[in-house]
Amino acid sequence: MNLKLNRPVAFVPTMGSLHAGHKSLIEIAKELENEVVVSIFVNPLQFENPEDFTNYPKSISSDTQLAETSGATFVWVPTFEEIYPNNPEIISAGEIGKLFEGVHRFGHFDGVLTVVKRLFDLVQPKFAVFGEKDFQQLFLIKEMVARLDLPVTIISAPTIRETSGLAMSSRNSRLSNSELANASEIYSALGAATSGKSISQARELLLQKAQKISELILDYAEVIDEDTFDIATESTVKPRAIIAGWINGVRLIDNMAMTNPESAK
Ligand code: PAF
């Protein structure tokens, strides 16, 4: 199926289990265009772990309701065959796709870019909105759009947080109250990084805090250059603290923009 809507579309691709974070993406899309398409498709290609794919929360009817009340004019729930009718053209996320999330989730970003490209081909949006929470994903999607010269403008939307600071995520519903409290310490660790007097101190504070979070199996805690995804140096203009790990089998990922302490002097 080719949606081919004849009016300009703002698009919010999702994997469902929508929450306030998605609501804000849809509201941002609505400010851009009156026609807002929300897709709900749990993309098997981006799950390196079959159990995570099977356990991914599904709630189509409440999702449709939330999407519509937030401003969606069309909620699209494609089938696997619609997205991947024959051998899908796999889009490589390149070297940056193998860093950080890519180390721990092998092939994940190739799966993300492959589905996003397919969704763009089918929806042909003028704008597509993605959250900053998945910062490496956002970076790689922007990079793919530039590389393939796709006629879509990528809009980044700020991370929406619980009052505890925990970044909203569909996977949070699998955490108990005490696990949620521990998970919210990730936000404090990111905050600690922003108080560093240099990039190296920021990195140290981030790591120290992150390593002390109860139950968290830490995959990485780093300060990167948000324009290149290189490890930040003392002269990086736009540093960003990034962190990811697991609590009780639930993947947690977050990031925070920083001001380089040197440039703030
Ligand atoms: O961020 C997500 O929910 C997914 O990675 C996306 C962009 C919808 C692709 O499946």
| message | Test of understanding: among 164, 170, which residue is within 11 Å of the ligand (Cβ to nearest atom) and among the small types (Gly, Ala, Ser)? | response | 170
| request: Report, ordered by the first and then the second residue, all pairs with beta carbons closer than 8 Å, sequence separation of six or more or different chains, a first member in the stretch 104-133 that is over 21 Å from residue 52 (Cβ atoms) and within 11 Å of the ligand (Cβ to nearest atom), and a second member that is of a type outside the set (A, V, I, L, M) and in a helix (DSSP H, G or I). | output: 128/120
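Starting from residues that are surrounded by 14 or more Cβ atoms within 10 Å (Cβ to Cβ) and not hydrophobic (A, V, I, L, M, F, W, C), keep the ones in the stretch 32-47 and report whichever is nearest to the ligand (Cβ to nearest atom).
Filtering the stretch 32-47 for residues surrounded by 14 or more Cβ atoms within 10 Å (Cβ to Cβ) gives 32-33, 35-47.
From what is left, the residues that are not hydrophobic (A, V, I, L, M, F, W, C) are 33, 35, 39, 43-44, 46.
Numbers: 33: 19, 35: 19, 39: 7, 43: 4, 44: 10, 46: 6 Å.
Here the residue is 43.
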| remark: Contact list, first residue from the stretch 167-181 and farther than 24 Å from residue 157 by Cβ, second anywhere and surrounded by 18 or more Cβ atoms within 10 Å (Cβ to Cβ), beta-carbon distance below 7 Å, six or more apart or interchain, is 179/247
| note | Considering residues that are in contact with a strand residue (DSSP E or B) (Cβ under 8 Å, 6 or more places away or on another chain), open to solvent by 40 Å² or more (accessible area, probe 1.4 Å) and either of a type in the set (Ser, Thr, Tyr) or part of a loop (DSSP other than H, G, I, E, B) (or both), the number found within the stretch 78-130 is 2
| Which one of 98, 58, 30 is more than 29 Å from residue 240 (Cα to Cα) and among the basic types (Lys, Arg)? | 58
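Regarding residue 10, is this residue small (Gly, Ala, Ser) and buried (at least 19 other Cβ atoms within 10 Å of the Cβ)?
On the way: small (Gly, Ala, Ser): yes; buried (at least 19 other Cβ atoms within 10 Å of the Cβ): yes.
Considered against the rule, which asks whether it is small (Gly, Ala, Ser) and buried (at least 19 other Cβ atoms within 10 Å of the Cβ), residue 10 comes out as yes.
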| message | residue 167 - would you say it is farther than 29 Å from residue 262 by Cα and open to solvent by less than 70 Å² (accessible area, probe 1.4 Å)? | response | no
| message | So, residue 153, is that one surrounded by fewer than 16 Cβ atoms within 10 Å (Cβ to Cβ), within 18 Å of the chain's Cα centre (by Cα) and more than 13 Å from the ligand (Cβ to nearest atom) or not? | response | yes
| query | Which of (1) more than 13 Å from the ligand (Cβ to nearest atom); (2) crowded, with 20+ Cβ neighbours inside 10 Å; (3) over 19 Å from residue 122 (Cα atoms) does residue 25 not meet, given it meets every other one? | reply | (1)
| request: Could you please tell me which pairs satisfy a Cβ distance under 6 Å, a separation of 6+ or placement on different chains, a first residue in the stretch 58-86 that is under 18 Å from residue 114 (Cβ atoms), and a second residue that is open to solvent by 40 Å² or more (accessible area, probe 1.4 Å) and at pLDDT below 95? | output: 82/1
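The values are calculated or read from the model by the stated rules, or taken from the named source; none is laboratory data. Just so it is clear, the model here is predicted, and its values are computed rather than measured. Every residue, glycine among them, receives a Cβ derived from its backbone with ideal geometry; neighbour counts consider all protein chains shown. Each accessible area value is taken on the protein alone, full model and side chains, heavy atoms only, with ligands, DNA and RNA left out. Shrake-Rupley method; radii C 1.70, N 1.55, O 1.52, S 1.80 Å.
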